[in-house]
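The values are calculated or read from the model by the stated rules, or taken from the named source; none is laboratory data. Everything numeric in this text was worked out from a predicted model, so none of it was measured. Cβ: placed from backbone, ideal geometry, glycine included. Neighbour counts: every protein chain shown.
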Amino acid sequence: MGEALTKKNRFLSSLTEGNSTHSYAALKELEHLDFPNRKTEDWRYTRVAPLINKLLRQSAVRPETENFYIPQLQSHKIVFSNGNLIKNEVADNNRITIKKLETSDLLLNSQASIDEIFTTINTAYTHGGIYIHLDKNTILEKPIEIIHLIDGQNTFAQIRKLIVLEQGAEAQIVEGYYSSETGLSFTNAVSEIIVKDNAKLHLDKIQFESEEHWHINSEYVYQESNSNFTINTITLNGGTVRNGLNISVDGNNCETNLNGLYLLKGKQHVDNHTKVDHKQPHCTSSELYKGMIDDQATGVFNGKVFVREDAQKIEAFQQNSNILLSENASMNAKPELEIYADDVKCSHGSTTGQFDDEALFYLKSRGISEKNAHALMAAGFAEDVLVNVTNEFIKLHINKLLKERFNWEL
Amino acid sequence: MLRINDLHASIEGKKILNGITLEVNAGEIHAIMGPNGSGKSTLASVIAGKEEYEIESGEILFNNEELTELKPEERAREGVFLAFQYPVEIPGVSNINFLRTALNEKRAHQGLDPMAAKEFLALVKEKAALVQLDDKLKNRSVNEGFSGGEKKRNEIFQMAMLNPKLAVLDETDSGLDIDALRIVAHGVNTLKSAENATIVVTHYQRLLDYIVPDFVHVLYNGKIVKTGSKELALELEEKGYDWIKQELGEEIQA
Ligand SMILES: Nc1ncnc2c1ncn2[C@@H]1O[C@H](COP(=O)(O)OP(=O)(O)O)[C@@H](O)[C@H]1O
Ligand SMILES: [Mg+2]
């Protein structure tokens, strides 16, 4: 206990320097929170000790930000460098607000008391964020493209987003997380997303940081009646990546789609935790997470679905499929359904296997090399998830990153 | 072109081929017939290089080169083609992408540049027409959701695209109605030349009315027990495989 406390304080002390804006309530709360340890069920397979033992600092902007924009994509561009907002293209429509997030915005809109240590650290120490607000019935023509660049010099980047879609508004957002160099660094990103009555949000998240990078991403989504929320989490690189999706479906006739793709190699560790809380009747939620794991990499999928007592006529579908490419690769998959209503349709499935030998032989028997046969099958495996990335330029970009990362020559 | 000498092969310790000897020359069509379980598909898979099978002894020479030392993909690039008895469905891999990769790897092996997109598409169009393969199927995932007949036509379409020296067609006729059978046979006959050779594995004589073999071999218990002209197929059709068994029985007793 004593040692744990010292570690926490040491870790946090490196963050306080040079910060002016922080929430004192969150600071106070932090005193009572501790980092997850091996007894913390929700973090059982993802150990944060190696991160906590590091001394990190919140770094300044790095001026040389290479061009990480998605080719040909017409978009409103927002760029963060080491957690600092450095570019913010304002929308030309005055019904759309895209601005630097102030602590006051946060307090005003925060709907949940979130007692999770990384989220609370973000609330306490964040020094940059973005606030996106769409007025009633506003439809965003161009997607919003948010680029996060981080360097590898023990940098600690905190990013905070607040996204509010008023009644009937529609938007598409694509986020890309990239490292400008290798080395250990840490991204702690928190988003609060409010999708009001009849509003629709499509989010594509591309994670492509370096192999030593830590990335903890916490999303808190609140859906009101008739709303539609889709997120595609595409993890193509990163050292330790933890995505926590918390969806509170608090209205009738909502649709929720959570899709994920993770292609891992080396010593990567990627953990996707999803939680869909159906509080109201007549909603559908669908989750498809697929992963391919090579070398000594490890994957975690934990999908919780709650259906509350009054939430009748819920249809919840969940599927997690994994391919292990090496003997040392591993996957921990756990669906958790807690259903208190009686008239619901819920299904879940999880598979972990290898590439189909018959299919590999078929490809090779046509003259295709082992490497290309794997690449074809891997791309085919990924396609199930990538079909949900509906913007062709975003999809092309993801495919390009994939080829680059895995040396596919197809 | 192909010379198999006293080939013995097994799978999971179970002996399946018990001394196959077979010679196939350029310009020839050979039919291999035999009852279910006699080892026809095993022979076809061993020629194509399926790793699960263990070659215990014997040799497979392809243009005087030992095939068993080559990987399946290397055999294919050298000109060996297997039309599968059960073509495999590969979700997410588009038929056209798959073919482009295969064709270009073969071209690279021959020292040729990848085929230009336009030329490739023209070739696809021409060869798909040969087996009347629906346009939409080219863009679908490999064999996924194809009917039995479409799968078989897709095999011959691939054969046409890759233009092999030696094609082994494993029960390409099974499950086909008479129209589909004619289409498939027309494809195979069109592709036949003095430079290539075909081995047609079949259970029934029917296909051989359309693809006329120069030789018919009867495979039984992993061994070629009888070889003859195309009339042998008719005789088999008439008398059934029991006739072979009886004949063999007599031989053993004698
Ligand atoms: N993968 C395998 N494992 C075990 N036995 C097999 C396998 N494949 C084929 N066999 C056996 O080998 C024998 C020959 O099979 P096969 O070559 O498919 O015959 P055919 O094509 O003539 O019907 C059969 O007895 C079959 O059960
Ligand atoms: Mg067979």
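Out of all the residues in segment B:175-189, is one or more within 14 Å of chain A (Cβ to nearest Cβ), within 16 Å of ligand 2 (Cβ to nearest atom) and surrounded by 16 or more Cβ atoms within 10 Å (Cβ to Cβ)? No, segment B:175-189 contains no residue that is within 14 Å of chain A (Cβ to nearest Cβ), within 16 Å of ligand 2 (Cβ to nearest atom) and surrounded by 16 or more Cβ atoms within 10 Å (Cβ to Cβ).
Scanning segment B:71-109 for residues being part of a loop (DSSP other than H, G, I, E, B) and either within 15 Å of residue A:361 (Cα to Cα) or modelled with pLDDT under 95 (or both) gives a total of 7. For segment A:219-245, residues that are surrounded by fewer than 23 Cβ atoms within 10 Å (Cβ to Cβ) and under 15 Å from residue A:316 (Cα atoms) total 2. In the set (1) part of a helix (DSSP H, G or I); (2) more than 16 Å from ligand 2 (Cβ to nearest atom); (3) at pLDDT 95 or above; (4) out of contact with any helix residue (DSSP H, G or I) (no Cβ under 8 Å at 6 or more places or on another chain), the condition left unmet by residue B:155 is number (2). Condition check for residue B:44 on (1) within 14 Å of chain A (Cβ to nearest Cβ); (2) away from ligand 1 (no atom under 12 Å from the Cβ); (3) among the aliphatic types (A, V, I, L, M): one failure, at (2).
For segment B:29-52, enumerate the residues that are within 16 Å of ligand 2 (Cβ to nearest atom) and surrounded by fewer than 19 Cβ atoms within 10 Å (Cβ to Cβ). Listed by number, the residues that qualify are B:35, B:36, B:37, B:52.
May I ask you to list the residues in segment B:47-70 that are within 14 Å of chain A (Cβ to nearest Cβ) and part of a loop (DSSP other than H, G, I, E, B)? Lay out the reasoning, then the answer.
If we filter segment B:47-70 for residues that are within 14 Å of chain A (Cβ to nearest Cβ), which is where we start, we get B:47-53, B:67, B:70.
B:49, B:50, B:51, B:52, B:53, B:70, listed by residue number.
Would it be correct to say that residue A:369 is buried (at least 18 other Cβ atoms within 10 Å of the Cβ), at negative phi, touching a Phe, Trp or Tyr at 6+ places or on another chain (Cβ under 8 Å) and modelled with pLDDT of 95 or more? It is false that residue A:369 is buried (at least 18 other Cβ atoms within 10 Å of the Cβ), at negative phi, touching a Phe, Trp or Tyr at 6+ places or on another chain (Cβ under 8 Å) and modelled with pLDDT of 95 or more.
Listed here are the strands (runs of 3 or more DSSP E) enclosed by segment A:198-317 that have at least 2 residues being more than 22 Å from residue A:345 (Cβ to Cβ), under 16 Å from the mean Cα position of the chain (by Cα) and free of Cβ contacts under 8 Å to residues at least 12 places away in the same chain, and there are none.
For segment B:225-242, enumerate the residues that are surrounded by 20 or more Cβ atoms within 10 Å (Cβ to Cβ) and either touching a Leu at 6+ places or on another chain (Cβ under 7 Å) or free of Cβ contacts under 8 Å to residues at least 12 places away in the same chain (or both).
Residues of segment B:225-242 surrounded by 20 or more Cβ atoms within 10 Å (Cβ to Cβ): B:232-233, B:236.
The one that is surrounded by 20 or more Cβ atoms within 10 Å (Cβ to Cβ) and either touching a Leu at 6+ places or on another chain (Cβ under 7 Å) or free of Cβ contacts under 8 Å to residues at least 12 places away in the same chain (or both): B:233.
Just checking, does segment B:205-223 include any residue being of a type in the set (A, V, I, L, M, F, W, C), surrounded by fewer than 18 Cβ atoms within 10 Å (Cβ to Cβ) and away from ligand 2 (no atom under 16 Å from the Cβ)? Checked against the condition, which is being of a type in the set (A, V, I, L, M, F, W, C), surrounded by fewer than 18 Cβ atoms within 10 Å (Cβ to Cβ) and away from ligand 2 (no atom under 16 Å from the Cβ), segment B:205-223 yields at least one hit. Checked against the criterion of being without any contact (Cβ under 8 Å) to a residue 12 or more places away in the chain and more than 30 Å from residue A:410 (Cα to Cα), the candidates B:14, B:118, B:40 yield just one match: B:14.
Among the conditions (1) under 15 Å from the mean Cα position of the chain (by Cα); (2) within 16 Å of ligand 2 (Cβ to nearest atom), the only one that residue B:9 does not satisfy is (1). When residue B:11 is tested against (1) more than 28 Å from residue B:154 (Cα to Cα); (2) away from ligand 1 (no atom under 15 Å from the Cβ), exactly one condition is not met: (2). Whether a residue is surrounded by fewer than 17 Cβ atoms within 10 Å (Cβ to Cβ), away from every other protein chain (no Cβ under 14 Å) and touching a helix residue (DSSP H, G or I) at 6+ places or on another chain (Cβ under 9 Å) was assessed, and residue B:136 does not pass this test.
To keep it simple, each residue is scored yes or no on (1) farther than 15 Å from residue B:201 by Cβ; (2) aliphatic (A, V, I, L, M); (3) at pLDDT below 95.
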{"position": "B:16", "(1), (2), (3)": "no, yes, no"}
{"position": "B:31", "(1), (2), (3)": "no, yes, no"}
{"position": "B:35", "(1), (2), (3)": "no, no, yes"}
{"position": "B:42", "(1), (2), (3)": "no, no, no"}
{"position": "B:55", "(1), (2), (3)": "yes, yes, no"}
{"position": "B:62", "(1), (2), (3)": "yes, no, no"}
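Would you confirm whether any residue within segment B:84-107 is farther than 20 Å from residue A:371 by Cα, more than 10 Å from every other protein chain (Cβ to nearest Cβ) and touching a Pro at 6+ places or on another chain (Cβ under 9 Å)?
From segment B:84-107, those farther than 20 Å from residue A:371 by Cα are B:84-87; that's our starting set.
Checking the rest, the ones that are also more than 10 Å from every other protein chain (Cβ to nearest Cβ) come to B:85.
If we keep only those that are touching a Pro at 6+ places or on another chain (Cβ under 9 Å) as well, we get none.
No.
Here segment B:139-162 is the region considered, the condition is being touching a residue at least 40 places away in the same chain (Cβ under 8 Å) and farther than 20 Å from residue A:376 by Cβ, and the residue that is surrounded by the fewest Cβ atoms within 10 Å (Cβ to Cβ) is B:156. For segment B:140-168, the set of residues classified as within 11 Å of chain A (Cβ to nearest Cβ) and not acidic (Asp, Glu) consists of B:141, B:142, B:143, B:158, B:159, B:161, B:162, B:164, B:168, listed by residue number.
Taking the criterion of being among the hydroxyl-bearing types (Ser, Thr, Tyr) and outside any helix (DSSP H, G or I), the residues of segment B:188-219 that qualify are B:193, B:198, B:202, B:204, B:210. For segment B:72-83, a residue qualifies if it is farther than 16 Å from residue B:9 by Cβ, at the interface with chain A (Cβ under 7 Å from one of its Cβ atoms) and not acidic (Asp, Glu), and the qualifying residues are B:76, B:77. With the condition kept exactly as written, say whether any residue in segment B:13-27 is within 15 Å of ligand 2 (Cβ to nearest atom), more than 14 Å from chain A (Cβ to nearest Cβ) and not in a strand (DSSP E or B). No; the residues of segment B:13-27 include none that is within 15 Å of ligand 2 (Cβ to nearest atom), more than 14 Å from chain A (Cβ to nearest Cβ) and not in a strand (DSSP E or B).
Selection of helices (runs of 4 or more DSSP H) fully inside segment A:333-410 by the criterion of at least 1 residues being more than 14 Å from every other protein chain (Cβ to nearest Cβ) and without any contact (Cβ under 8 Å) to a residue 60 or more places away in the chain returns A:392-406.
Yes or no, residue by residue, for (1) more than 30 Å from residue A:385 (Cβ to Cβ); (2) of a type in the set (Asp, Glu); (3) more than 12 Å from ligand 1 (Cβ to nearest atom); (4) over 20 Å from the mean Cα position of the chain (by Cα):
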| residue | (1), (2), (3), (4) |
| --- | --- |
| B:21 | yes, no, yes, no |
| B:35 | yes, no, no, no |
| B:65 | yes, yes, yes, no |
| B:74 | yes, yes, yes, no |
| B:91 | no, no, yes, yes |
| B:97 | no, no, yes, yes |
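In segment B:158-187, which residue that is part of a loop (DSSP other than H, G, I, E, B) and within 16 Å of ligand 1 (Cβ to nearest atom) is farthest from the chain's Cα centre (by Cα)? Checking each candidate, the answer is B:175.
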